1. Pick out the one residue from Gly123, Gly89, Gly114 that is in contact (Cβ under 8 Å) with a residue 40 or more places away in the chain, farther than 14 Å from Pro63 by Cβ and out of contact with any Cys (no Cβ under 9 Å at 6 or more places or on another chain).
2. Which of the numbered conditions does Leu119 fail, given that it passes all the others? Conditions: (1) outside any strand (DSSP E or B); (2) open to solvent by less than 70 Å² (accessible area, probe 1.4 Å).
3. From Lys141, Lys111, which residue is open to solvent by less than 50 Å² (accessible area, probe 1.4 Å) and basic (Lys, Arg)?
4. How many residues are closer than 20 Å to Ser378 by Cβ, hydrophobic (A, V, I, L, M, F, W, C) and part of a helix (DSSP H, G or I) if we restrict to the range 231-273?
5. Six or more apart or on different chains, Cβ atoms under 9 Å: show the pairs whose first residue is in the range 189-206 and outside the structural domain of Ile344 (by TED's automatic domain parsing) and open to solvent by 70 Å² or more (accessible area, probe 1.4 Å) and whose second is modelled with pLDDT under 90 and in a helix (DSSP H, G or I).
6. Exactly one condition in (1) in contact with a Phe, Trp or Tyr (Cβ under 6 Å, 6 or more places away or on another chain); (2) at positive phi is false for Asn164; which is it?
7. Which of the residues spanning the range 324-349 are within 20 Å of Arg208 (Cβ to Cβ), in a helix (DSSP H, G or I) and near the ligand (Cβ under 9 Å from one of its atoms)?
8. Among the residues of the range 235-257, write down those that are of a type in the set (Lys, Arg) and over 34 Å from the mean Cα position of the chain (by Cα).
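The values are calculated or read from the model by the stated rules, or taken from the named source; none is laboratory data. Owing to the predicted nature of the structure, the values given are computational and were not obtained by experimental measurement. Glycine also receives a Cβ, built like all others from the backbone with ideal geometry; neighbour counts cover every protein chain displayed. Side chains included, ligands, DNA and RNA excluded: accessible areas come from the protein's heavy atoms. Shrake-Rupley method; radii C 1.70, N 1.55, O 1.52, S 1.80 Å.
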Amino acid sequence: MSQPGQQFIVYIGTGAIALFTVLRDPPAPTLPDPASLERQRQQILHQGRTESYQDIINPITDPILLVRNARVAAANPAAAKVLGDHILGEDVRIAIRHPAAADRLANPDAKHTGAPILLVGVGSADQRWELRIHALQDGLKLVQLSDRSSHYAAEKMRTDFVANASHELRTPLAAIKGFLETLEDPKAGKDDATRTRFLKIMYDEADRMQRLIEDLMSLSRIEAEKFELPSEKINLRDLVEEARDFYINSRGKKEKEIQVAFPADIPLIYGDRAQLAQVVNNLLSNAFKYGKKGTPVRINVAPNRTATMLKLSISDEGDGIAPEHIPRLSERFYRVDKGRSKSIGGTGLGLAIVKHISERHGGRMEIASEVGKGTTVSVLLPVVNNAPSPRESGNTTS
Ligand code: ADP
């Protein structure tokens, strides 16, 4: 005997995709033979009963309706939750207040290809649904709603990101072009002081574009590698000391401006050296940018309470951040004070990069801040004994 689930789906009709999911794994040990099933189904349809379908649609997690003569003949609990308990027996044009969907459901001659109709405003205001209509036999229509909110949210994030990135790049480019045109003017071009001032602005704007492009490329590289566990054993102490030496030797910081504390025996972590150096650098750079001039920046490395993670914290004594901004700081291009960030050379991508790198390492980023006192940004990374081994996880990079 062939599979009971497969036999049944053939007799329900080709459009019953949602029912197929349930019937693929039939709970009943035996089913009547297909001919008797078909006879029963015909009887049910001729009596105008849809109750027998109810058992089939009830466990489906997508909202499902059965519609006959423009009225809701059956609805599963998921549909009642989204559209309301009152929909049973209701005119479908009232149950689903969407002109295109209602028109097709109420029209007995409408052809149903199963192509999706986008519904907005059903359930909560920001939910997006795709509605598909499948014609069963004898005028019965199966309506399936699929929640596509997260897909549309991801798509919106992508388009917003492209729009923001273009805007961020266009601003310095427009400045460079504007000053170039001014310098073409023989009067301004010949005046040495003006020329020097304009050229300096153009260099600064070009630097800003370069930093933006580098950060955008970093983000896309991190995204591309997000499922690859880093495999190199790293001592965070080396990376922190390298960054401190760089700020002292090349950025003119004094020793007392960077205070560092390590445990005596620092556990190793699996890491991507270049990415972790970028984390230390972005956090140090923010602490200097937003910390009060002359106050020290503190770097602290310590295991967490359970010794499963190593916590790298960088603290400053700056103006701090109001609590309502904190959850949004790792969004790309989110800044508390746009003008300030831009005037000190920020791209608005530093913390987004830190968050993505932490997550790629199986860790996380945390921000604690007090207005008027300062900010601590921490990154928690699993120590080698606690991290999934790159080899065990099938990662072949070495
Ligand atoms: P930016 O390039 O603007 O510094 P980031 O992604 O590094 O971008 O940070 C996002 C925003 O978070 C900054 O514009 C700033 O408003 C805020 N911020 C980050 N670090 C600090 C800090 N240490 N103190 C105060 N505000 C901070």
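1. On the way: Gly123 fails: farther than 14 Å from Pro63 by Cβ; Gly89 fails: in contact (Cβ under 8 Å) with a residue 40 or more places away in the chain.
Just a single option satisfies the conditions, and that option is Gly114.
2. Going through (1) outside any strand (DSSP E or B); (2) open to solvent by less than 70 Å² (accessible area, probe 1.4 Å) one by one, Leu119 breaks only (1).
3. Values: Lys111 fails: open to solvent by less than 50 Å² (accessible area, probe 1.4 Å).
From the options Lys141, Lys111, the qualifying one is Lys141.
4. Residues flagged as closer than 20 Å to Ser378 by Cβ, hydrophobic (A, V, I, L, M, F, W, C) and part of a helix (DSSP H, G or I) within the range 231-273 amount to 4.
5. Cβ pairs passing all conditions: Arg195/Leu183; Arg195/Ala188; Arg195/Gly189.
6. Only one criterion in (1) in contact with a Phe, Trp or Tyr (Cβ under 6 Å, 6 or more places away or on another chain); (2) at positive phi is unmet by Asn164, namely (2).
7. Lys338, Arg340, Ser341, Lys342
8. Step one: filter the range 235-257 for residues of a type in the set (Lys, Arg), giving 237, 244, 251, 253-254, 256.
Those that are of a type in the set (Lys, Arg) and over 34 Å from the mean Cα position of the chain (by Cα): Arg251, Lys253, Lys254, Lys256.
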